[in-house]
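Okay, structure first, notes after.
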Ligand code: 13P
């Protein structure tokens, strides 16, 4: 298959009505924090058991088209010995891989960060591809203060995302491009909108400069929200209006799918906001879906707590949350459904 055919086939499998992407690609320090929060020690084995639990959930492929894995998971196996990427593929879920190596401070842009990991990326992608990965993810983060992100930060992060995306496409790997405007702080929704517009504008300009084929890219942005410490919170229709306004101004119609991150919203908020976005913009040129980590996984971890006897309940919690997001992604979510898991 040519590289172009490979990319097109992966996009076809990743962009499906009623489905979204699970981010299960936490680095070891991050997953250790998440496991510790529910009293589980993070070991190679508990991380394997947890990610197996997610991927072996019966029926989860009805609501997920893709899963972003961490490097360690790509080489791990389910209890029956099946490699985890194959477990995902058998559920109709395309396996992907987080390829960035985290952030460092950006020189001459106090408060801004830039993501590392471009060196040797093409070779790493070849290895990941041999292990079953068909798409990749790279995240740049933008802290919000009165001065951040700076113009230099926005340009450097955009350039880095575009370099990553072009390296991926050259290898036949679909890039998920993730520019995350952080939720931390007490800024207004207007400030978030202004920054997100500047960030996305720079990202698409850079993708164009690097001749990245937009037809074979998935965008994973943050929603436009007020800062976590800002009161009051914004209602879903306001989040939807502001988010859609920014996306319409910045994202070319050639891009097939926008899969939001959850960014620290509660599971219920992330679902309600995604639903409102789809209600506000039913005939968008792109799919408007999800690629959540915390908003899908929090209830699963809380139900599991590392105990074998809780696996069924944890999988049920996962399927439930995925189903609600599958509905929200089509503008068909009803908040009353939240109470039905107990029924
Ligand atoms: P959250 O949905 O928890 O923000 O995570 C998404 C993600 O993949 C961060 O890189």
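What follows is calculated from the coordinates using simple rules that are stated; it is not laboratory data. Keep in mind the model is a prediction, meaning the values are calculated, not measured. Here the Cβ positions follow ideal geometry from the backbone for every residue, glycine too, while neighbour counts run over all protein chains shown.
Kindly evaluate residue 14 against the criterion of being over 19 Å from residue 297 (Cα atoms) and within 17 Å of the chain's Cα centre (by Cα). For residue 14, the condition - over 19 Å from residue 297 (Cα atoms) and within 17 Å of the chain's Cα centre (by Cα) - is met. With respect to (1) touching a residue at least 12 places away in the same chain (Cβ under 8 Å); (2) in contact with a strand residue (DSSP E or B) (Cβ under 9 Å, 6 or more places away or on another chain); (3) away from the ligand (no atom under 16 Å from the Cβ); (4) within 30 Å of residue 197 (Cβ to Cβ), the lone exception for residue 105 is condition (1). Within the stretch 17-42, the set of residues being more than 18 Å from the chain's Cα centre (by Cα), touching a residue at least 40 places away in the same chain (Cβ under 8 Å) and within 15 Å of the ligand (Cβ to nearest atom) comprises 35, 37.
Residue 319 - would you say it is out of contact with any strand residue (DSSP E or B) (no Cβ under 9 Å at 6 or more places or on another chain), crowded, with 21+ Cβ neighbours inside 10 Å and over 20 Å from residue 195 (Cα atoms)?
On the way: out of contact with any strand residue (DSSP E or B) (no Cβ under 9 Å at 6 or more places or on another chain): yes; crowded, with 21+ Cβ neighbours inside 10 Å: no; over 20 Å from residue 195 (Cα atoms): yes.
No: the conditions fail for residue 319.
What number of residues within the stretch 122-154 are within 22 Å of residue 74 (Cα to Cα) and either more than 18 Å from the chain's Cα centre (by Cα) or assigned to a strand (DSSP E or B) (or both)?
Keep residues of the stretch 122-154 that are within 22 Å of residue 74 (Cα to Cα), which gives 122-139.
Checking the rest, the ones that are also either more than 18 Å from the chain's Cα centre (by Cα) or assigned to a strand (DSSP E or B) (or both) come to 122-132, 135-139.
Of the residues in the stretch 122-154, 16 are within 22 Å of residue 74 (Cα to Cα) and either more than 18 Å from the chain's Cα centre (by Cα) or assigned to a strand (DSSP E or B) (or both).
Quick check on residue 119: is it surrounded by fewer than 21 Cβ atoms within 10 Å (Cβ to Cβ) and not in a strand (DSSP E or B)? Yes. Return the residue satisfying two criteria in turn: it lies in the stretch 213-224 and is over 19 Å from residue 98 (Cα atoms) and buried (at least 24 other Cβ atoms within 10 Å of the Cβ), and of such residues it is farthest from the ligand (Cβ to nearest atom). Across the stretch 213-224, the extreme among qualifying residues is 224. Looking across the stretch 94-110, the residues that are over 19 Å from the mean Cα position of the chain (by Cα) and either surrounded by fewer than 16 Cβ atoms within 10 Å (Cβ to Cβ) or within 17 Å of residue 76 (Cα to Cα) (or both) come down to 104, 105, 107, 108, 110. Within the stretch 45-90, the set of residues being over 15 Å from residue 133 (Cα atoms), in contact (Cβ under 8 Å) with a residue 12 or more places away in the chain, over 18 Å from the mean Cα position of the chain (by Cα) and assigned to a loop (DSSP other than H, G, I, E, B) comprises 56, 57, 58, 59, 78, 79. Among the candidates 284, 254, the residue that is under 22 Å from residue 213 (Cβ atoms), out of contact with any helix residue (DSSP H, G or I) (no Cβ under 6 Å at 6 or more places or on another chain), away from the ligand (no atom under 16 Å from the Cβ) and in contact (Cβ under 8 Å) with a residue 40 or more places away in the chain is uniquely 284.
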